[in-house]
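Input: a single structure, listed below in structure tokens.
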There are 2 protein chains.
Amino acid sequence: MAVADVAADSLAALDTPCLLLDEARLTANVARMRERLSGLGVAFRPHLKTAKSLAVARRAMTGPHGPAMVSTLREAAYFAEGGVTDLTYGVGIAPQKLDRVGGIRRQFGADLAIILDSVAQAEAVAAWVAANRDPSCAPSCASLPCLIEVDADGHRSGVAPDDAGTLVAIGRILVDGGAELRGVLLHAGDSYGLDDPERIAAAAEAERAAAVAAAGHLRAAGLPCPVVSVGSTPTARFAGDLDGVTEVRAGVFMFGDLFQAGVGSCGADDIALSVLATVIGHQAAKGWIIVDAGWMALSRDRGTARQAVDQGYGIVCDPAGRPYPDLIVRDANQEHGIVALRPGSRAALPELALGARLRILPNHACATAAQHACYHVLDASGRVSATWPRIAGW
Amino acid sequence: MAVADVAADSLAALDTPCLLLDEARLTANVARMRERLSGLGVAFRPHLKTAKSLAVARRAMTGPHGPAMVSTLREAAYFAEGGVTDLTYGVGIAPQKLDRVGGIRRQFGADLAIILDSVAQAEAVAAWVAANRDPSCAPSCASLPCLIEVDADGHRSGVAPDDAGTLVAIGRILVDGGAELRGVLLHAGDSYGLDDPERIAAAAEAERAAAVAAAGHLRAAGLPCPVVSVGSTPTARFAGDLDGVTEVRAGVFMFGDLFQAGVGSCGADDIALSVLATVIGHQAAKGWIIVDAGWMALSRDRGTARQAVDQGYGIVCDPAGRPYPDLIVRDANQEHGIVALRPGSRAALPELALGARLRILPNHACATAAQHACYHVLDASGRVSATWPRIAGW
């Protein structure tokens with residue numbers, strides 16, 4: 001059998017809808033990011049919130065134990081159990097979660113750090129450290145490493161980078177309370193709203209400058225700040241200079257998606273993730289092809305609706321991953337996708353018979369992957385070579 | 001301890017974000033729908049695509065074996081294994097899925113019916129029945145019950161109700177091929193875009209009339225059509241007359257959500273589902289309260305954005321489920337929700353300290369529930385009385 005036929009047969013054996021991962025693209029995306037960041041002289045802490053898979057993590061991380069970033073304590077426990085011990089939990093800590101953090105640190109010997117941006121959180125951490133101090137423990141186990149979250153661009157959380165009073169107050173409470181003040185952490189989330197390299201580079205420079213300023217306030221007060229952590233996929237892609245930064249975080253870059261392609265931080269050809277679907281009907285008069293991938297399989301993410309090119313619920317490709325001209329998922333119900341030409345297109349609607357297989361490139365890799373329990377991994381010949389499980393929940 | 005304190009303690013023990021289900025509201029929503037449909041003289045086939053839980057199904061169905069509707073074959077297998085044997089799979093069949101359908105029918109003795117809307121599908125079914133005919137089998141096992149999907153309103157799939165030629169051609173191929181022609185099935189999906197009872201009642205009447213017309217074409221050709229199945233939560237809520245219809249399907253009504261409240265098919269007080277979240281930060285200058293429920297916990301569904309009242313990512317309530325005036329989730333990142341007053345509100349921002357618990361009413365119950373692995377069930381006193389698992393995938 002020809003190689004292409006083996007690959008098609010391999011896909012034909014899968015129940016649809018399901019999630020495909022092109023391993024060669026994943027590898028290339030990781031190599032490109034590593035090379036960039038190593039050229040800029042900073043460490044790389046991949047964010048595992050997109051992948052939520054040990055197999056993917058091992059390909060993305062610079063070593064088997066990390067560093068890595070997680071978005072939930074469920075991820076922290078899962079990756080720590082898999083040997084990833086250098087972890088930062090990247091959502092501001094709630095006091096109720098400190099026992100779970102301590103449990104993961106103890107159970108797996110994990111260096112799991114937390115982030116916080118308020119005096120109230122610092123006081124909760126200090127109280128927790130005091131209550132959980134165990135003289136028989138090694139210092140690494142008795143303490144709790146903390147990074148102060150700093151607001152790079154008004155996007156979400158964080159202390160203002162010029163609010164020296166709050167930064168120092170938080171740092172002092174942590175240090176005096178026996179926690180470990182590890183540094184500052186920023187996320188230039190507003191860079192997702194941009195779409196040209198110059199403006200993203202400017203956002204990256206603003207993120208860097210804010211990080212260095214905040215670290216400077218801590219150091220000027222005699223507080224430690226060994227780690228200066230920044231990152232988002234767009235700023236990691238276009239940062240020109242990372243002087244004063246020690247590590248960069250990024251996650252969605254591993255897979256890429258149509259939203260990131262719209263921002264310019266990857267090309268549509270770099271997207272490693274797709275949803276395999278089957279044609280289940282036609283509404284010929286309307287030019288609709290109905291497929292069995294609805295928003296449950298694709299996610300409800302319509303992030304490209306606010307970009308220059310609205311990709312609907314995704315670009316439609318043939319089983320080999322080649323996009324059909326102007327063919328997108330125009331609308332989606334829970335388990336139905338309506339495939340049609342883009343509004344205004346003069347392309348010909350391809351003839352896709354009942355039972356034909358399609359691949360759909362996602363708007364947002366984090367959201368689409370989250371709808372699935374595993375990746376069906378495609379090797380360089382397009383054959384399904386492995387199934388990698390992924391986790392969900394908190 | 002007072003009852004309210006027991007309830008608060010019960011919620012405090014949960015890790016957030018997580019999914020809460022108010023059992024009294026679920027029970028009331030089901031009772032209301034049953035009473036309506038029994039008053040209209042039709043059978044009720046609840047759609048289990050929202051709940052995906054046997055415990056919920058048992059409360060929604062009129063009997064332990066069904067009838068019930070499912071949106072995936074994974075649901076079909078799960079519910080059949082749980083004793084629900086009267087099932088219809090409500091997504092147009094792909095030929096590749098017929099073996100799984102046959103397997104579920106055989107393994108669990110399930111009367112699992114499929115739907116289709118094309119001659120190509122009917123031919124695939126006939127070919128499958130011919131290839132799988134087993135003379136030693138009971139007729140119920142050897143055949144395959146099929147409903148012809150009819151298009152009520154141009155929403156998605158289905159044969160046009162006045163296309164007698166196609167309806168009869170499909171029916172004839174099924175009957176001649178040894179499959180069981182069970183009837184017609186419609187879904188007035190466009191009713192989701194309406195927002196007043198009169199127009200929804202008109203959509204329900206259009207759905208009924210289309211169903212009766214399509215059934216008439218089959219019967220006039222001497223074909224059987226015992227089942228005439230219609231339904232959507234809005235049309236089930238407002239249908240005035242269901243003459244000629246044998247069964248009604250609806251699913252999201254069990255839980256309700258803000259989108260259905262916007263349509264008018266439930267009140268915000270009827271919504272049984274909420275996401276429990278914890279306050280993890282503040283951006284006081286902006287009036288933002290940051291919580292640990294982002295779009296991963298709430299879903300990316302922004303269906304209310306196209307309604308008269310945009311609910312953001314959901315209405316924010318206190319732990320007892322009472323909405324705070326004008327407080328919504330204004331924006332969401334993967335694991336962060338930004339809680340703030342509605343644009344233009346003059347209400348006071350409530351003081352919600354670090355660690356405080358909130359409940360968020362969802363835009364779309366089907367999408368929000370799908371992000372979680374279980375329901376934490378609240379009894380009438382607000383205490384967590386049970387944990388009900390739910391399934392995902394295909």
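Observations, loosely collected:
- Angle between chain B longest axis and helix B:119-132 axis [Cα atoms, degrees, rounded to 10]: 70
- Between A:Leu21, A:Leu352, A:Leu273, the Gaussian network model of chain A with springs among Cα atoms under 10 angstrom shows the greatest mean-square fluctuation at A:Leu352.
- Shielding by partners for peptide B:85-94, expressed as the average number of C-beta atoms from other protein chains within 10 Å of each residue's C-beta, is 4.
- The Stokes-Einstein estimate for the range B:21-81, based on a Kirkwood radius over Cα pairs and taken at 10 °C with 1.306 mPa s viscosity, is a diffusion coefficient of 132 µm²/s.
- Note on chain B: GNM, Cα springs under 10 Å; of B:Ala94, B:Ala113, B:Ala24, the largest mean-square fluctuation is that of B:Ala94.
- The protein assembly as shown: radius of gyration over Cα atoms, expressed as a fraction of 2.2 N^0.38 Å: 0.98
- Computed lengthening from A:Ala380 to A:Asp99, 0.36 nm per intervening residue step minus Cα-Cα distance: 96.7 nm
- Kirkwood hydrodynamic radius (C-alpha pairs) into Stokes-Einstein, the range A:40-255, 10 °C and 1.306 mPa s, D in µm²/s: 92
- Nearest-first distances (nm) between copies at B:Gly193, label 7 Å from Cα via Cβ: 3.0
- Mean Cα-pair separation over length for chain B, i.e. relative contact order, pairs under 8 Å, 6 or more apart, %: 19
- Going from the residue with the fewest nearby Cβ atoms within 10 Å to the one with the most, B:Lys97, A:Lys286 rank A:Lys286, B:Lys97.
- Inter-chain Cβ neighbour average for residues A:276-285, partner chain, 10 Å: 5
- Taken about its Cα centre, chain B carries a charge dipole of roughly 480 debye when the Cβ of each Lys and Arg holds +1 and the Cβ of each Asp and Glu holds -1.
- Among B:Val316, B:Val119, a tally of other beta-carbon atoms within 10 Å of each Cβ gives an order, fewest to most, of B:Val119, B:Val316.
- Principal axis extents of the Cα atoms in the range B:90-216, from largest to smallest and rounded to whole angstrom, are 54, 31, 22.
- Note on chain B: dipole from Cβ charges, positive end direction compared against B:Gln371, B:Phe44, B:Ile115; the farthest Cα belongs to B:Gln371.
- Scalar couplings 3J(HN,Hα) for the range A:316-327, obtained by applying the Karplus form with A = 6.51, B = -1.76, C = 1.60 to θ = phi - 60°, are 9, 10, 7, x, 8, x, 8, x, 6, x, 6, 8 Hz; x denotes Gly and Pro.
- In terms of surrounding Cβ atoms within a 10 Å radius of their Cβ, A:Val6, A:Val228, A:Val384 rank from fewest to most as A:Val6, A:Val384, A:Val228.
- Check: the protein assembly as shown dipole with +1 on Lys, Arg Cβ and -1 on Asp, Glu Cβ, in debye: 820
- Axis-proximal residue of chain B for the rotation onto chain A, reported as residue and distance in whole Å: B:Arg300, 2, based on Cβ position.
- Averaged over the residues of B:152-163, the number of partner chain Cβ atoms lying within 10 Å of the residue Cβ comes to 3.
- Rg and Dmax of chain B, Cα atoms only, in Å: 22.7, 76
- Cα→Cβ-extended label distance, 7 Å offset, between B:Arg106 and B:Thr387, nm: 3.7
- Hull volume per residue, based on the alpha-carbon atoms of the range B:294-385 and their convex hull, is 118 Å³.
- Rounded FRET efficiency, nearest 0.05, which uses the C-beta distance separating A:Arg58 from A:Ala268 and R0 of 30 Å: 0.70
- Cβ-based charge dipole, the range B:40-254, positive-most Cα from B:Val84, B:Leu147, B:Ala60: B:Val84
- The range B:40-254, relative contact order in percent, only Cα pairs under 8 angstrom and at least six apart counted: 20
- Modelled spin labels at A:Asp163 and B:Ala305, positioned 7 Å past Cα toward Cβ, are 2.9 nm from each other.
- Between helix B:197-220 and chain B there is an angle of about 20 degrees, using the helix long axis and the longest principal axis of the Cα atoms.
- The charge dipole of the range A:40-255, taken about the Cα centre with unit charges on the Cβ atoms of Lys, Arg (+1) and Asp, Glu (-1), comes to about 840 debye, rounded to the nearest 20.
- Cα→Cβ-extended label distance, 7 Å offset, between B:Ala28 and B:Ala284, nm: 3.9
Every number in this text was worked out from the coordinates using simple rules, so none of it is lab data. Keep in mind that what you see is a predicted model, and the values were worked out from it rather than measured. All Cβ positions, even for glycine, are placed from backbone atoms using ideal geometry, and neighbour counts span all protein chains on display.
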